[in-house]
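See below for the structure under consideration.
Read-outs: derived from the displayed coordinates by stated rules, not from any lab. Just so we're clear, the structure is a prediction, and the values are computed from it rather than from any experiment. Don't worry about glycine lacking a Cβ; one is built from the backbone with ideal geometry, like all the others, and counts go over all protein chains shown.
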Amino acid sequence: MAHVELHAELTADEPTLVEGLPGAGLVGKIAADHLVETFDMEWVGSCFCDGLPKVAVYRPDDTTTMPPVRLYEDADRDLLVLQSDVPVSPSQASAFTECLVGWLEREAVFPLFLSGLPEEKSDVPGVYGIATGGAADRLAATDVTPPREAGLISGPTGALVHEAGARDLAAVALIAETEARFPDPEAARAVLVDGIAPLAGIEVETDALVERAEEIREARQRLAKQMEEAGDESTEATPIRGFQ
Amino acid sequence: MAHVELHAELTADEPTLVEGLPGAGLVGKIAADHLVETFDMEWVGSCFCDGLPKVAVYRPDDTTTMPPVRLYEDADRDLLVLQSDVPVSPSQASAFTECLVGWLEREAVFPLFLSGLPEEKSDVPGVYGIATGGAADRLAATDVTPPREAGLISGPTGALVHEAGARDLAAVALIAETEARFPDPEAARAVLVDGIAPLAGIEVETDALVERAEEIREARQRLAKQMEEAGDESTEATPIRGFQ
Amino acid sequence: MAHVELHAELTADEPTLVEGLPGAGLVGKIAADHLVETFDMEWVGSCFCDGLPKVAVYRPDDTTTMPPVRLYEDADRDLLVLQSDVPVSPSQASAFTECLVGWLEREAVFPLFLSGLPEEKSDVPGVYGIATGGAADRLAATDVTPPREAGLISGPTGALVHEAGARDLAAVALIAETEARFPDPEAARAVLVDGIAPLAGIEVETDALVERAEEIREARQRLAKQMEEAGDESTEATPIRGFQ
Amino acid sequence: MAHVELHAELTADEPTLVEGLPGAGLVGKIAADHLVETFDMEWVGSCFCDGLPKVAVYRPDDTTTMPPVRLYEDADRDLLVLQSDVPVSPSQASAFTECLVGWLEREAVFPLFLSGLPEEKSDVPGVYGIATGGAADRLAATDVTPPREAGLISGPTGALVHEAGARDLAAVALIAETEARFPDPEAARAVLVDGIAPLAGIEVETDALVERAEEIREARQRLAKQMEEAGDESTEATPIRGFQ
Amino acid sequence: MAHVELHAELTADEPTLVEGLPGAGLVGKIAADHLVETFDMEWVGSCFCDGLPKVAVYRPDDTTTMPPVRLYEDADRDLLVLQSDVPVSPSQASAFTECLVGWLEREAVFPLFLSGLPEEKSDVPGVYGIATGGAADRLAATDVTPPREAGLISGPTGALVHEAGARDLAAVALIAETEARFPDPEAARAVLVDGIAPLAGIEVETDALVERAEEIREARQRLAKQMEEAGDESTEATPIRGFQ
C-alpha cells in the first residue's frame, strides 16, 4: 500500500526534484516552499509511504484536504518539488526512503537533496555539493564546490542520499552553511541561487526571502523547535574533523 | 478478526456518520453523545478493531455489557453515530483507521469527522470544514466556511481523515474552535448546529448542552485529563502559520 | 503451544468457573483462594498461555512444582476456580484472553468474572452484575442488581469480559465495591455470598474471611502493592460519571 | 540456528546436569564453577540460543575463544555442568528456555536447577527441593526436604523450571537460603553437599569454598552487582506468605 | 537486500582484513584509518547491512558520496580494512554481524578483530590475542601472547568474534590495553606493530601516530564521546577476575 501516488501523468520531461523535508535551519523546507509559491506549482501527487505521519493538512480559504508530504510540478520548467508540512521521524525514515527513492528511480527523476550544515557563518552562507550515481558531472558543470571538510549527512535526508548511493541513482546533495537553531532564509536563498538554479536550469527570484526573513523566521519557529527537540536525529550535515 | 460488527443489517439509507472520538475540548464526544441521547439512538454495532482498548463498558441500571467503541443508528434520520468511552492511542490508530474507514467505504457511509481547534475564542466558536473524495460540493451547499488559516489535524481523527483522503472516500471534517484543556459544550453545540445539522439534514435541539454546560464539564473532566496527558498526540487541529 | 492443559477429563457437569486474577482490592483472588481452600478443590489443569509469567510455584511441605495460573475443580459442586499466584500484565493480556476464553467456549464453561470497584464504602460492600451472551437471565434470577452508575472494567479481567462479549459467550461479571489500596476480605465475602453462591448454586461458609481479615490483609500486602504499582492498568471497575 | 551445539558425542550415561546461571547470591554460579574447577571438567558444548548475549569469552594464558554459556562434562561421574559468564536477561529468557530444555529432553539429561532464597539466615543455610515430571521420587530418596513456605522461583531459572514442568520433564529445583545482595559461597556449599551430591551421586570437596569465601565474594562482586541492578527480575525464590 | 557490496572483484589473494569499528579508546578505528591513509588503500566495497546507520559520508574536496562502513583494499599487500565513520549500535549488531561474517566466510578472508581493554597502563600498552576456528596456530607464530586474565569482549566487535566462533571461522581478536575515555593513538600503534604487522605480514610506519597523538585525540574526541555515552555497550574487553 506504501507508494507515491500521482493524480495524473507527469508532463515534465526528465524533471529535477527539489527535496524540501524540514531539517537543520529549515533550509530545504524554506527553499522548497519558496519554489512552490513563486512558480505557483501544481499539486500533482502525494507520498503514502510507511513512516510518514498520518495527519490531514489544509490551506486557508480552501476545503481541500491533503496528506502532509506532497509532490508539486511546474511542467514548463521540468521541475518537481517535494513539500512536507511535518518532520519525518528518523527512526521511521527507512520505509519512507525506499518508497520515495524507488519512485524516483522508476520515474527517472533527478533529485536535489538539501541539508543544512550548522556553522559559524561569515557573510554569505557557503553551499557545497556531493553526488551519487554519476551525477558528479552535473555538479562539475556548475560553480558549486565540494565540501571543504569531511562530514556526514544524517536524518531523513541522510537516509535518502544513502539510499540513492546504494541504488547508484544519479542525485546531488546540496549542503548549505546555516544557523542550527533558527529558521535561516538566507541559507535557503543561497542554496536556491548557487545550487538549485544552475542544477535545475531555472531562474528564481529570491529577494522576498531576504526582505521577509524576519516574518519567515517567526512563522517557522514552531516547526524549527520540533526539529531542535529531535536533536541530533534531524537532518543535518556534521563535520568529521581530523585526518582519515 | 479485526472488524466492525453489526447486530443487524443497517436500515438507514446512505447514512451519515458522526464520529465521536475524544479529542481536544472533547468536542466530538460531547456532540456524538448528545445525538445518541437526544434521538434515543439504537446500539447497532461495535468496533472490534486492533488498537482499541479491550475493556468492558456498562450503563446504569442495565446488565448489558458493551465494548468501548460502538455504532448507534437512527434509521428515520439516516444517521449513525460512532460513540467511544475511551481515548484511542494515536500510536495504535493505524490499525483502527484501516478497520473503520474500510467499513465506511464498503457500506457507502458518509462520515463527518470532528476536531477541536484550540483557540482564544470570541463569542461564538467558529466552525470550519474541509472535505475529501469529492465531498466539497456537500460542504459548499452549507454555510460552513473553509478554515481561515492553514493547519493540520493530528491524532486518531487526523489519521481517519488522512485515510479517507488516501482512499478518495467522500467525507467531511468539521473543525471547531475550542478550549484546549477543558470539555467545551459550547464548541460541541456550534459544530452540531452549524455543521452536523445541515450536512446530515437533521434538526437537533441543543439548549441542554448550554444549560447543562457546567455539569457536562465536570462529568467529562476525567476523560479530558486523560486527553491532556496524551498531549500533542490526541486529536486536535493545529494552525500552520506563515507563507507556504 | 499456548493452551489450557488439563491433567484429566473434567467430571463436573456444565461447570461454573470463578475467575480469581489479582485486581483492585484483590477481591477476585481472595474469593477464589477461599473456594479452593474451603472445598479442598483438586488441581486439574494449568494455563500455558502466552502473556503469563513463566515462573515456578510451590506449596509448603510439598515438592510439587506448579505453573502460576491454574484450574481447580470441585466435581460434586460443578465448580471450577481459576487461581493465580501472579498478576497478569495488562499489556500481555490479549494473548491470555484469547487462550482462556477460547477454552471456556469449547468446554461450555459458564464463567463468573470478578472485579473490584474502588469506592468510599458504606457498611456492606455493594455487589453489582453485568452479563454477556444471554446470561442476563441467570443474573435476573438472583438478587444481584445492575450497576447504579455507568462504568468500565479495565485490566486483564476487563479484557476477559470484552472477549466474552465479542464471542457472545454466556458470562457474568460481578463488580464489588472495594478498598482500592488494600486487600479487602469483606468485599470478597460480599461477592461470594451475594453473587457467586446464587449464580453457581453453591453454599459457602465465609466467617473465616471476616475473622481472619487482618491476617489476610497482611499476607496479601505484597501482591496488593504489586497491583498498586501497576496503577490504572490492573483490573478495576471505573465509574463513568455524567450524562451519556 | 538457535541450538545447543556439542563438540562431540556425550559419553556420560544418563547424565545429571547442574545449571549454573547467575542469580540471587550467585548460588548456582558459584556451585557450578566449583564443580568445573574441582573435577577439571571438559568443555564439550555451547549454547547458541536466541536471547543469550553475543560476547566472546577468554581464559587467562589461553588463546581459545568461547561463547558465554557452555556445557562441561565429567564422563566418569556422568555429570554435566551449564556454566555461564553472563547474566541472562529475563525478558529474553523465553527463547533460551525452549532451546535448552528442548535439548535436555532430547538427550535424556536429568537437570538440577539452582535458585537462591533471600533470607535472614541461621547458622547453616537451608536447602529445599521441588520436582517436575515424576522426579519427586529421586528427591524423596535424599535428605532434601520440601520448602517450609509457599513461594515462587522467578527469573531465567524460574522460566527453565516452568518449561520443564510444562513438558513434564523429570527435573529437580534446589532452593538454598542465601544472602540476597552478596555472593554467598556458604549457600553454594550447602547446595553442593546437601542437594547436588546425593542427587547426582557424586562426592565433592567443598572446603575451599569456605576457606576462600572472602576471595570469592570479591571476585564475584561485579557480577553480583549486575544481578542486583536487574532487581526482582533475576532468578530468586520468593516466599508467598499467608493462607492459600 | 542486506549485503556487502564490492565495486569490483577483489584482487588480493587470501587477504587479511583489519576491522576498524569504533570501540574503547577508538583503538580499532585509529589503527584502521592509519592503514587506509598510509597505504593509500582503494575503496573497493561497502556494507549495506541491516543495523548500520543510513547516513551519507563525504570527504574534503571531493564530491563522492559514500556509505559509512566501507572496505578498502591494498592488493599488493593482500590487505583489506573495514573502515567505519559511525558507531554501530550494539542492539543492532546482530544483523550486521551475520551480514559481515557471512561475507568473510564466503570470500575466505582472514579477519583481525580489534578491541581495547580499559586499564591502568604501564609504559607500553600490552597487546593480547585470542583465536577462533583453528587460527591459534597463526597467533602462535607471532609474539602476541594470550590474555593474562580471563575476560570478555562485548559490543559489536564482541558479537563479530562470537559469530566467527559459532561458524568456526579462522579469525584472531587482538586486545590492546587502552585508556577507556580518550582516543588512544599509542594503543593503536601497539596493536599495529605487535599484532597486525606480524599477522598480516606487512610492515607499517607508525611514527606519525605518536607524533600527531594530540592532534588525533582532539580530532576523535567527538566520536569518543559518542562511544562513552553508549557506556558498557560499546566494544571493550572486560576482565573476569577471580577463580573459575
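A few notes on this one:
- Rel. contact order, % - alpha carbon contacts under 8 angstrom, at least six apart, region D:1-106: 36
- By other beta-carbon atoms within 10 Å, ranking A:162, B:3 with the fewest at the front produces B:3, A:162.
- DSSP-defined beta bridges in region E:3-239 - what % are antiparallel, rounded to 5: 60
- DSSP bridge orientation in the protein assembly as shown - percent antiparallel, rounded to nearest 5: 60
- Take each residue of peptide C:128-137, count the partner chain Cβ atoms within 10 Å of its Cβ, and average: the result is 3.
- Beta bridges from DSSP with both residues in region B:67-176: antiparallel share about 65 percent, rounded to the nearest 5.
- For region D:3-239, a simple Cβ point-charge model (Lys and Arg +1, Asp and Glu -1, everything else neutral) yields a dipole of about 600 debye relative to the Cα centre.
- Among the listed pairs A:54/D:54; A:54/C:54; A:54/E:29; A:54/A:225, those beyond 30 Å (Cα-Cα): A:54/D:54; A:54/C:54; A:54/E:29
- Shape call, region C:1-111: gyration tensor on alpha carbons, a/c limit 1.5: rounded
- Taking amide hydrogens as placed 1.01 Å from N in the peptide plane, the amide H of residue C:45 sits under 5 Å from those of C:7, C:71, each at least 5 positions away in sequence or on another chain.
- Shape call, the protein assembly as shown: gyration tensor on alpha carbons, a/c limit 1.5: oblate
- Rounded FRET efficiency, nearest 0.05, which uses the C-beta distance separating residue D:215 from residue E:6 and R0 of 45 Å: 0.25
- Residue A:123-residue E:64 FRET efficiency (beta carbon distance; Förster radius 30 Å; 0.05 resolution): 0.55
- Whether chain C is rounded, prolate or oblate, judged on the alpha carbon gyration tensor where a/c under 1.5 counts as rounded: rounded
- Calculated [θ] (222 nm, deg cm²/dmol) that DSSP helices of n ≥ 4 give over the protein assembly as shown, each run adding -39,500 (n - 2.57): -9000 deg cm²/dmol
- Candidates per GluC sites (Glu not before Pro) in region B:130-210, loop by DSSP, up to 11 other Cβ within 10 Å: B:203, B:205
- Dipole magnitude of the protein assembly as shown about its Cα centre (Cβ charges: Lys, Arg +1; Asp, Glu -1), debye to nearest 20: 600
- As a length-normalised measure over Cα pairs under 8 Å and 6 or more apart, the relative contact order of chain C settles at 26 percent.
- Neighbourhood net charge (12 Å Cβ-Cβ; Lys/Arg +1, Asp/Glu -1) for residue C:202: -4
- Karplus 3J(HN,Hα) series, Hz, for region D:82-90 with 6.51 cos²θ - 1.76 cosθ + 1.60 (x for Gly, Pro): 9, 9, 10, 9, 9, x, 9, 5, x
- Helices of chain D meeting both criteria, an alpha-carbon length of 30 angstrom or more along the long axis and an average Kyte-Doolittle score not below 1.6, with helices taken as full DSSP H segments, do not occur.
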